[in-house]
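Reading through the structure tokens given below for one structure.
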Amino acid sequence: MPAGGVCFFLMLVFKKNIYFHPLDTQNGISPDRPYGGDEEPQPIAFHLIHKALAAGREVIEELSTFDEKASFEQLKVLFPHTARFGRRSVMDSLSHNLLTALFDTHSWHFMNCYHLCYLYDALQEIVEDYSYSNPQRRQELIPELRGEAINFNHFLNQYFFNTAFLIAAKRYNAMTEQERRNLGKLDHAYFGAVLPPDDPKGPEDPTLSKVINAVPPEAEELGLVAGPDNPYASGTLSL
């Protein structure tokens, strides 16, 4: 998701394939590999993303019965970054399109930075709910964590190409083109991840700048781009 068109790479395409899990036959679930020692679990990526998108969809549909001003005040609390560039109608489209694509088994869907920003807010809401809940509620929300703390930053580093869309506009606008293209690459190299190829001659992804500068999306930017091929098959992206 760095600038230069790679942002369109987070069925949905992430840095790692969220549809593949080693099977834990003993416990009857498919957990991801732990991010710490053997005793430190982490959330199953597909389950966490589905839960976040489903919860966000439920909230947006519930607020559709409110007047625009009242609903937007609520949405600003739950989706603070998305609310900078979109009101309820924008969030409604992003929410619907992402949840639909998550279960589309016929094509891989590439997200732009508008989608990723909304997903980040939705995930953060679930993570905060989990973090401030009692053990029983934690077990209900993300059972595979067994009540232990969630490392949200590590989760993002594993599955998001980066979170450059969260950078302050003043900082981003002062960067050179090359600095913008390098966003997030250092962090991913640290975690041993393989980045998608970046075409230095290609145009920068416009949705990154637009999200950072709080520019509302065009109608076509609310939809996802379907790709005919499996992006993980070539080895460019990891399982």
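The values are calculated or read from the model by the stated rules, or taken from the named source; none is laboratory data. Only a predicted model underlies this, so the values are computations on that prediction, with no experimental measurement involved. Cβ coordinates were reconstructed from backbone atoms using ideal geometry, including for glycine residues, and neighbour counts include every protein chain displayed. For accessibility, only protein heavy atoms count, side chains too; no ligands or nucleic acids. Shrake-Rupley method; radii C 1.70, N 1.55, O 1.52, S 1.80 Å.
What dipole magnitude, in Debye to the nearest 20, does the stretch 132-183 give about its Cα centre under +1 on Lys/Arg Cβ and -1 on Asp/Glu Cβ?
For this selection, approximately 180 debye.
Quick check for you: with a 1.4 Å probe and neighbouring chains kept, what is the accessible area per residue of the stretch 109-188, in Å²?
46 Å²
Please give the direction-averaged projected area of the C-alpha convex hull for the stretch 50-174, in square nanometres with one decimal.
Taking the Cα atoms of the stretch 50-174, their convex hull projects to 9.2 nm² on average.
Could you compute the net charge surrounding ASP67? Neighbours are other residues with a C-beta less than 11 Å from the C-beta of ASP67; K and R count +1, D and E count -1.
Spelling it out: positives minus negatives among the neighbours equals 0.
When the dipole is taken about the Cα centre of the stretch 32-189, and only Lys, Arg (+1) and Asp, Glu (-1) are charged at their Cβ, what size is it in debye, to the nearest 20?
Charge dipole, the stretch 32-189, about its Cα centre: 620 debye, nearest 20.
Report the calculated FRET efficiency for ASN182 and ARG137 (r = Cβ-Cβ distance, R0 = 30 Å), to the nearest 0.05.
0.15
Hey, with R₀ at 22 Å, roughly what FRET efficiency would PHE72 and ARG171 work out to, going by the Cβ-Cβ distance, to 0.05?
Using R0 = 22 Å, I get an efficiency of 0.25.
Past the 27 Å Cα-Cα mark, which pairs from LYS15/LYS69; LYS51/LYS170; LYS16/LYS51; LYS16/LYS76?
Going by Cα-Cα distance, LYS15/LYS69; LYS51/LYS170; LYS16/LYS76 fall outside the 27 Å limit.
So for each of 89-102, 139-152 I average, over its residues, the number of other beta carbons within 10 Å; can you give me the resulting order with the highest mean first?
Per-residue Cβ counts within 10 Å, averaged per peptide and sorted highest first, yield 89-102, 139-152.
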